[in-house]
Structure formats: C-alpha cells, structure tokens
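See structure below.
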Amino acid sequence: MPIESASAFSQTLRNVTDIKLTALSKKRAAFGSTKEHLITSTDPQKTPSIQDRVRILLQGYKKLQNEGFVKGTDTIADGNSIDNLEQFLLMSEYDPSVGTNLLNAFENGLRKTLSMEEKKFEFGDLFGRLLTEWLVNAKHLPPGPVGEDSDTTMSTDEAFETVGRKEMQEQRKLFEEYVFTEKTTDDTAITKYLDNLFKPSDAKRQLNKIRMLVTDFARTLPKRIITAEALCDVIDGVIANNLLNNEKTETLRQFKKDEAVLNEVADVIMMHMSAYETWSWEEPISLDMRRQLNGKYRVFMDEGIIEALLVHHVGSEWTFHMKECFSQLFNSDAWLDGGDLPTKKELDERKFFLDESKAAGAYFSRYYDERNILQKRRSDSAKFFLSQMADSYEKPVDPYDEDYEDKKKSSTDAGFIKHSLLHLLSTELLINKAMHNKFTVLRSDFKWFGPSLPHTSIMAVLRYFGVPESWIGFFKAFLNTPIRFSSDGPDGLVRNRVRGVPISHTLSTFFGEMLLFVMDFAVNQKANGTFLYRIHDDFWLWSHDQTKVVDGWKAMQRFAQVVGIEFNEQKTGSKCIGEELSKELPEGDIQWGFLKLDDKSGRFLIDQDQVNEHIVELKRQLAACNSIFSWVQAWNKYYGGFFARNFGGAAQCFGREHVDMIIETLSRIQKDIFPEHSSVTDYLKSVIVERFFPGEKSIDIPQGWFYWPISMGGLGVLNPLVHQYAIRESLSSPQILIDDTLREERYEYEQKQRHWKTSRCKTIASYEIPSSIKEVYGNRSADKIPFPDFDEWIKNRELFSKPFYNLFLLLRGIGSERDPKSTPQLEAALRTVELRGGASTRARAPMYRGRLGTRGRGRGGAAAGSRKTKKQEITNDFDDLSNYWKWVVALYADEMVSSYGGLEVVKHGLLPVGMVEAFRSMRVSWEQ
C-alpha cells in the first residue's frame, strides 16, 4: 500500500485505539476509586464485624457489575455464586453453622476477585500501551499486497532501507542481466526435438487431438461472456497471487461488494478480450523487490487493476484448458507406465502355484483396482502431474514458494504438496532399500527459471501445440512489458522485458508449465516410464534402477539445451544408496528445506549449518523491530513458521527420531537467540519491564499471557514445540515397521508353501501344468514339483506383496496428534469464555446470478464481498479447539484463572482487537 494509504489506515486504527484506551482509562480510574473505597471501608479496625465487611464487599462488587466495570459473572474467586453469598450472609446472623471461618473465606474470595478485576484493567492498559507503541512506529509502510498471513513477507511496522542491503543490489543486477538481455533459441531445432519426442504413434495421435482442441479453444475464448460471478473468481485469484499492493487489493475487495461495479468491470474486460489481438500495456509498469524469508529477493510487477484482471483471466482460462489436454495424454497409452513387470512365464508359474487367475497384464492396467505399490505410484504421479496448473477456479493452486506456510493442508496447498513429496521420497527410499538393497535419487531445479526463460522457446512450444498466431501476439505483448524499478523514482529508466516471465502471474505459470510438460514427457519416454516428480521448476527423479535415473537426467539435459535454460548447480545433486553413484549423474547434496539426505544412514538430517545462518538472519530481523507486537510477529513467522516448516514435519517414514531432532533444534535456536534468558517469554518479560515499568525489577506476568491469543488480550506468541510433542508418541521407528513387514512376508510365504504341499499340489492334473514348469521338471506330477524358494517368491514385490503395500501406505502417514484430557476445572473455565462474531465460520451466501447466470466452472455460490471470519482460537467448547489451543489451554488455564478469574485477560470490546487483526493482515516487506 502507498505510504499515505497505509498511514490513513494506521491513523484510523490509532484513532479507534485512542478512543477505546481513553474509555478504558476512565473505567480503570473509576474502578480503582471504588475498589480503594471498598478496601478502606472494610479495614478490620474500621469495620470489625466480619458480617459487615462481607456485606460491604458484596454490595460493592454487585454495584461494579451493574455499572459494567466487571464482567457479569455470578461467581467469585472461591467458586461461590453471588446469590449464594447473599443467602449465606443472611444465615450467618442467626445460624451458627455459617461461622467465622466461612465468612473469612467469603471475604478473602471477594477481595481476591476485586484484585483479579484490577489486574485485568492493568493488563488492558499494558495491551493498549503495546498497541500504541506499535502504531506510533508504523510510519513507513512499503508497498505490499494484502494476504492471509503470507509466508514470504511479514506484517510489521518497521521502516526499511531504501537502497537495501548488498544482496538485494547483487540480485537486482542479475535480474537485469537476464530480463534485459535477449536470448534467442532455434525454432527449427525445438520443432525437430518435439517431432522426435512425439514420433510414436500413440503420442502423435494425442498431439493431433491436443492441436484440434487448442484451435477450437483459441477461437471461442474471446467470445465468452464474463459474468459478475466469474469476475469474482478472477478477483479472488489476483488477490491469492499476492500480486497487487494493499490499496489496489482493497479496491478489488470493494468491487466484489457491488454488482453494478462488477458488471461494468466485466464489460471492460470483455472489450479487451474482443480486441485481444491488438492489446498492449497502457504505460510502464513499476517493479518492487521484496525480500523472502529464505533470503532471496523477488521482483514483483505493480500493474493496473484492469490489466491484472485481464491477464489473470486469460492465464487462468488457458491453464485450465491445457491442463485438461495434457491430462488426456497422461491417461492415454502415449504416457508410458513405469515399473518392472513380470514375464508371462512368471505369471503362469504364479497362477500354477497359487491358483491365481489374473491375466498377464491385469496387475498393472491403469483401470485395474488391485491394491499394489505400482498402482499406488501411478495414482501418486497423477497428483503431482502438472500440480501447479489449476483445473478450474473451484480448485485453485496456491502460489508455489520455498517459504510457503502450511495452513490449509489441502491437496492443492503448496505446503501440503511439498511435504507430501518429501514424505513420498523418504518412503520410496526405505521401501527400495528393503526390497532391492539400492536406491538412487536426483534433485535439481533451473537457475533463475522465471527471469531466464527465452521468449522464443515459449512461443515455439505454444505454436507446436496449436496456439494460433493471434494469441501468440497477445502473449508476446504480455511478456514484452515496459518496466522500471520503483526505487529509481518516476523518472527512472524504462526498458522492455525481452526475456523471462513476471512472478505471481497465472500466464507466467502457464508458460512455465507448458515448457516443463515437455521435459516431463521426455523423461517418461526416455527413462522407460519413470515419472519426474516436479513442483514448478523443482524436480526429483528416483528409482532402484540407477540406469533409469541416468537416462532421465540425460533427457533433462537435452531438454534444457534445446530450450536455452540452465540447471542450478547449487541445488543439483544425486545420491546412491547401496551401490556406487554413476559418473554420469551430477554430484551434490539432496536437500529439502533445512534437511539434507545422509547417504550412509539413508535419513534426512537437519543441516545445522543452514540453521545457524538463519539464526543470524533472525537476530537481524528481530533487532530491526521497534515494537513488541512487531517483534512477536517476526518471531512467529520465522521461528514458529519458517523454521518448523522447513524441518520437514512429522511422518512415519521419519519416525520419532526425526521429531526429537526437530525438538532439539528448536530448543537450541531459543538458547542461541536468548543466551542471557531462559526462553523467549523470559526475554519478552524483561523488555516489557524495561520499556513500560522502568525502575521495577520485575512484575507479575503469567506465563500463559505471552501465549494467549491477541483476541483475548494476550501477546500471541506461537510455540511450535507444542505440535511436535503432541504428535511424537504416535510415531515409531521406520526400521521396526520394516522388520515387522519382512517377518509378515516370510510368514505369508510359509503359509502358501504349506498350502501347496498339503493341498493344492494334489488337485492339479498333468495338463494343467504350464509348459514353463514342464521344461524344468519334465513330466513329473504336481506333487513332485517343489514350491518356489523364497527368493523366487519375493520377485515383483511391487505387484504382489500385500505386506509391503501396507508398509508403503503406513510410512507415508503423518501420525496423529494426541489431545490433552479435559478436566471439570478446565470445562468450567471455558464456560466463562464469551463467544464473539468470529467464533464460527459463516457459510457464504448464495451469489446473485449476474447478467447471464453462472458459468460452468466458476465457484458457484461465492457471494460478492462475503468472507470467512477468523475462527475464535479459544471458545467455550473444549472439543471445538484445535489441538494446539487445547494444549495451550490445558497448560496455562489454571494460571490464567488464578490471575484473571477466567480465561479472558481483557474484557471484549474494551480494545480494538479486530482492527489489530486487520492491520496485521497488511503485508509489509521484511527488513531489507
């Protein structure tokens, strides 16, 4: 958001805050005065009668309730209800059973309740001062789009260096060298390469189908009606891509609230579509560099709203269509199926000994539902096939980035896909070591993939698949953008992009995936059906047969040479377990996040050197924060998110040992960051005392307050260790699971062998004996033919071994989080929690139909302007809490109740926590 727009929002928040803090201050003063009067009035020397003291305190507390100074609870600190106390007090006048000891307890309970309420006001004041500190320092807000706690940037209030650090300048220089230096590739050579790739008859047949479908699609796309609902889908996509700045993004949100505006904007988009052949950028586009959590800088375009909507619409429609076309090829005979299939002789013998009636190809037909590892691999590969291309607006794909935040855990979420790939790789390593005693894996990506893509290669591939010249012209106009860096000012040098694609655009994803599909298909064809697991330009290739990996690597090298891109040597490497690595494969580590594959143990271990580098960076980021709230947010993003995510997460293929390694590393990070303090909360407490309570050595701050949600008056510090401990007990050692599988497999073999000897061999006539068996044993009767030995039995385990199939599924499991047990005291505390508007997720209201109704693949029912409110972290139902909040509440509830009389630190409505959440959603770049 531009500084003036961001400042306007922060000023509004500050005004709201000032009003609420003023009201809070008045309430606190009035409460304090009343409390002081009550304490003075009930001094034992002034009021010796215990009954009178209790009566004064009780009446005073009820008055505070009626005047709204304290929450309207009917119980006091000792658990007695107000109504009961009134009755007990009345009884005490004549009933000796209500003696002095009970009355003393009532008095102490009332005094403690007043102290708790006073503490709530004190912490409400502290919360307000923390918020004011945050807002006072929110003076320089660089441009950044609005997102839901985006992982690549943080919501903070700090100023940033205009020039930026040395790394930023170096990466800008590299960026400029790529995008402003044209790289021309040979169209003829690319066409010849593709002709050879699609030479097989099945592939040629599919290619012709794709070309016909593309021709028809290109002709009809400009004529399609864009409804208001369809435009909402486009707007949602632009927002999800985190492309535009805060001000433009907020404008898009406002569009969705007005059907008339939507229809007008849709008209403009359709006007552009009808004249797509002559479209071009209206004016130079500004570029902004944003630092990512992984230390890289990325360059974002800041185009106009209409242009952003248009190119997103075009990119989405082409992406949906080509994903459908390529999926048809993937599911055809043109796409080779991998796996080592048994010979007809082996199948005949299996049928003979085991009485199996399956035909030779039945075990690995893509339409056959037999449960085996090969079929599971086939379904897995379908999930990763072109995973960055969305199928429709109903199934959007999150922008892929190394700094993703794993929140949704859906099949299209970037974090879920990346973690599931890591777990699949680890499972394959363990399974292949157990079955074949060897495993080879290669990992690589392309150097500066987006900025380095030659436009001539993109156009050559598009033409090959049938994209007509009219659309080629539009795509060229999109890529040939006039751009200048915003940091150079409005008079900065304007140059046209002649190479590469802009980040966070669906058209860019479309271009990249069109090229990389060719590489996917080339590996499949040249490496005997081996699947290249790929997420955008990050890819992994593995097999127990090293020759397939070698063939696949050669296919990738040939592809890169033809289209004019280079591999990233720093991220390229291969490892072989069980045999010597081929000299034809690249040397280097296999890394994923902070994990590095140890080829000796076959385990992914945390690279502590990488962790140390990021500890230094985290210290730098924390030091740049000049408010407690921004410090906590930086800590949560880095420590609670970035570190924890890049350790790979918990899974059965890693076992409990990996979780212990994560716990030890997270603990070490805290020790390194806070060498003079016991923990992050101990450090924060010292800072709060120093800033807000100078002269005092310490103040009483409950430990739970630091971890309590902001919506309830806490500081909102995240603790990633909670999840690790919750899931730890559900995991065991992978080796134990493998050993159990081997024993089960041996037992199954012995059962089959016993059945052959005692039963089946006696029922087979001589004509039922296969010729392959007779060639070995002559004319022996079946009962004279020995059952295959164990080594023969375990051939083709991927097809026939049920124990290993079950192990394959088990190892990929992520374990289950253990919930804490609720207690009566916990349930009672939760019942006092006030439910707010965001306590549940509202269903989206039915969408108006717009001018011509809905279209086939829109979201269907997304109300313009409707949104899902944030779920209340702590509600009054224990079962409704997430696992994380269950553990936090179970751990700190007693302490919070003891300090505040309940689980809410600040009474709802006294502080603008909703505005705080809105302000925090604004994405502002990391300290540069």
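The values are calculated or read from the model by the stated rules, or taken from the named source; none is laboratory data. Here the structure is a predicted model, which is why all the values come from computation and not from measurement. Using ideal geometry, Cβ is built from the backbone for each residue, glycine included, and neighbour counts are taken over all protein chains shown. Quick note on the areas: whole protein, heavy atoms, side chains included, nothing else; ligands and nucleic acids left out. Shrake-Rupley method; radii C 1.70, N 1.55, O 1.52, S 1.80 Å.
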**Study point:** Amide H within-cut-off set for residue 481, under 5 Å, with H built and near neighbours excluded
**Key:** 497
Study note, to complete from the structure: A correct Karplus calculation of ³J(HN,Hα) over the range 28-37, with 6.51 cos²θ - 1.76 cosθ + 1.60, θ = phi - 60°, whole Hz and x for Gly and Pro, returns 5, 5, 5, 4, x, 5, 5, 5, 4, 4
Point to revise | Accessible carbon and sulfur surface of the range 231-294 relative to its total accessible area, %, 1.4 Å | key: 47
Practice item. Please turn the phi angles of the range 607-619 into ³J(HN,Hα) values with the Karplus equation 6.51 cos²θ - 1.76 cosθ + 1.60 (θ = phi - 60°), one per residue in order, whole Hz, x for glycine and proline. Key: 7, 5, 5, 4, 4, 4, 4, 7, 5, 4, 5, 4, 4
Check your understanding: In this model, which of 447/637; 173/619; 20/619 are farther than 32 Å apart at the alpha-carbon?
Key -> 20/619
Review point. Sorted by packing (mean other beta-carbon atoms within 10 Å per residue), highest first, where do 239-252, 596-609, 92-105, 665-678 land?
Key: 239-252, 596-609, 665-678, 92-105
Review point. What is the range 29-125's relative contact order, in percent, from Cα pairs under 8 angstrom and six or more apart in sequence?
Key: 32
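By average Cβ neighbour count within 10 Å, what is the ranking of 800-811, 710-721 from highest down?
Ranking the peptides 800-811, 710-721 by packing returns 710-721, 800-811.
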Practice item. Name the residues whose placed amide hydrogens come within less than 5 Å of the amide hydrogen of residue 567, ignoring near sequence neighbours (fewer than 5 apart) on the same chain. Key: 447
Point to revise | Amide H contacts under 5 Å for residue 75, placed H, 5+ residues apart | key: 82
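Order 434-440, 772-778 from most to least packed using the mean count of other Cβ atoms within 10 Å.
Ranking, from highest mean packing down: 434-440, 772-778.
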Point to revise | Rounded to the nearest 20 debye, dipole of the range 29-125 from Cβ charges on Lys, Arg, Asp, Glu | key: 140
**Study point:** Computed over the range 557-597: relative contact order in percent, which uses C-alpha pairs under 8 Å that are six or more apart
**Key:** 32
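Please work out the FRET efficiency for the pair residue 191 and residue 678, using the Cβ-Cβ distance as r and a Förster radius of 60 Å; give the result to the nearest 0.05.
Values: r = 67 Å, r/R0 = 1.11.
Given R0 = 60 Å and the Cβ-Cβ separation, E is 0.35.
Once you have the Cα-Cα distance between residue 219 and residue 668, take 0.36 nm times their residue separation minus that, and quote the gain in nm to one decimal.
155.6 nm
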Exercise for review: Taking only protein heavy atoms into account and a 1.4 Å probe, give the accessible area per residue of the range 29-125 in Å².
Suggested key: 52
Revision key, fill the gap. Two pseudo-spin positions, 7 Å from Cα along C-beta at residue 736 and at residue 383, lie apart in nanometres by 2.5
Practice item. Counting only heavy atoms of the protein chains, get the accessible area per residue of the range 441-516 (1.4 Å probe) and round it to a whole Å² value. Key: 27
Point to revise | Accessible carbon and sulfur surface of the range 437-510 relative to its total accessible area, %, 1.4 Å | key: 51
Review point. For residue 690 and residue 494, FRET efficiency with R0 = 35 Å and r from the beta-carbon atoms, rounded to 0.05?
Key: 0.10
**Study point:** Share of carbon and sulfur in the accessible heavy-atom surface of the range 15-55 [1.4 Å probe, %]
**Key:** 54
Study note, to complete from the structure: In Å², rounded to a whole number, the accessible area per residue of the range 160-238 with probe 1.4 Å is 53
Review point. In whole Hz, what ³J(HN,Hα) sequence does the range 700-707 give by Karplus (6.51, -1.76, 1.60; θ = phi - 60°), x for Gly and Pro?
Key: 7, 10, x, 4, x, 4, 5, 8
